[in-house]
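Reviewing the structure listed below.
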Amino acid sequence: MTALEIKHLNYRYPDGTEALHDVSLTIGEGERVGLIGPNGAGKSTLFLHLNGLLPERSSAAPAVHVFGTPVVEPHLSTIRSQVGLLFQDPDDQLFCPTVGEDVAFGPQQLGLGEAALSARVARALEQVGLRGFEQRPPFHLSRGEKRRACLAGLLACDARLLILDEPTSDLDPRGRRELKALLRDLPVTQLIATHDLELVVEICPRVIVLDHGIVVSEGQTTDILSDESLMLQHGLEKPHILRHTHPH
């Protein structure tokens, strides 16, 4: 099944700046795909379209479909329960006094009973390696733990498509390692925007390059990231992890 399908998506900001130009891409269910490009490439704008935070105004032919459903009213509440958006700064996402309340916030809106709710929170925390953290205040967590708590909140809602914005930024090496292992093991479709190209090489078999709001290239991660001229052309560098491998 197709998790995400985008056909000819265009977007201009109110000031006339073109942020996305004719963007088309498809992600199959269960895929983990990297989205790379220089700053200002349009990655964040693209993400805001995927759960209807920037819904399309004309829905004659909706450009974005998630699991076959167009991202337009009246489907937005369904879409938002399926698409989990992990912001770059976990502090933008954690706002309750305890981790347990934070993780419960989303599923609570689904009207679950108390027992079902606490089972779901416990399961999500277990999935992200934060078992027993229910009573911890989020501001006592490390950066990596905060990010995992945010992820638990998305998983508790049964999100089927995770949209991750710079998930490893500001993490120390151990936090990066733990998050990488976690994302690799999650059986959920993932689209990961990141400048951490080593992460892309290690966990994303496929990558999409976005620059000036245009998809300039997509394909197997090792092929795209080994193409030095393509990378330099779009403000990127071949990651060290690929520098020591021989060309095919």
When you scan region 153-239 for helices (runs of 4 or more DSSP H) that lie fully inside it, which ones turn up with 2 or more residues that are among the charged types (D, E, K, R) and either touching a residue at least 40 places away in the same chain (Cβ under 8 Å) or over 24 Å from ALA104 (Cα atoms) (or both)? 173-185, 197-203
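Of these, LEU94, LEU85, which one is modelled with pLDDT under 95, under 24 Å from PHE133 (Cα atoms) and assigned to a strand (DSSP E or B)?
Values: LEU94 fails: assigned to a strand (DSSP E or B).
The unique qualifying residue is LEU85.
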Six or more apart or on different chains, Cβ atoms under 8 Å: show the pairs whose first residue is in region 85-108 and aromatic (Phe, Trp, Tyr) and whose second is assigned to a loop (DSSP other than H, G, I, E, B). PHE87/GLN93; PHE105/CYS96
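From the list ASP196, ASP102, which one is more than 28 Å from LEU225 (Cα to Cα) and touching a Pro at 6+ places or on another chain (Cβ under 9 Å)?
From the options ASP196, ASP102, the qualifying one is ASP102.
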Would you pick out the residues in region 216-240 that are farther than 14 Å from ARG206 by Cβ and among the charged types (D, E, K, R)? ASP227, GLU228, GLU237, LYS238
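Residue-by-condition table, conditions (1) of a type in the set (A, V, I, L, M, F, W, C); (2) crowded, with 18+ Cβ neighbours inside 10 Å; (3) within 25 Å of ILE241 (Cα to Cα):
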site: LEU125; (1), (2), (3): yes, yes, no
site: PRO138; (1), (2), (3): no, yes, no
site: LEU154; (1), (2), (3): yes, yes, no
site: ALA159; (1), (2), (3): yes, yes, no
site: LEU162; (1), (2), (3): yes, yes, no
site: ASP196; (1), (2), (3): no, yes, yes
With the requirement that a residue be of a type in the set (Phe, Trp, Tyr) and either more than 28 Å from PRO173 (Cβ to Cβ) or under 19 Å from the mean Cα position of the chain (by Cα) (or both), what does region 98-154 give you? PHE105
Is it the case that region 211-226 has a residue that's surrounded by fewer than 22 Cβ atoms within 10 Å (Cβ to Cβ), of a type in the set (Asp, Glu), at pLDDT below 95 and over 15 Å from GLY37 (Cβ atoms)? no
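Take LEU48 and decide whether it is modelled with pLDDT under 95 and in a strand (DSSP E or B). Give the derivation first.
Values: modelled with pLDDT under 95: yes; in a strand (DSSP E or B): no.
No.
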Filtered residue count, region 160-187, keeping only those that are of a type in the set (A, V, I, L, M, F, W, C), modelled with pLDDT under 95 and touching a Gly at 6+ places or on another chain (Cβ under 8 Å): 3
From the list GLY100, GLY132, which residue is modelled with pLDDT of 90 or more and assigned to a loop (DSSP other than H, G, I, E, B)? GLY132
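The values are calculated or read from the model by the stated rules, or taken from the named source; none is laboratory data. Everything quoted here is computed from the prediction, not taken from an experiment. Because the Cβ atoms are built from the backbone with ideal geometry, glycine has one as well, and the counts that use them run over all protein chains shown.
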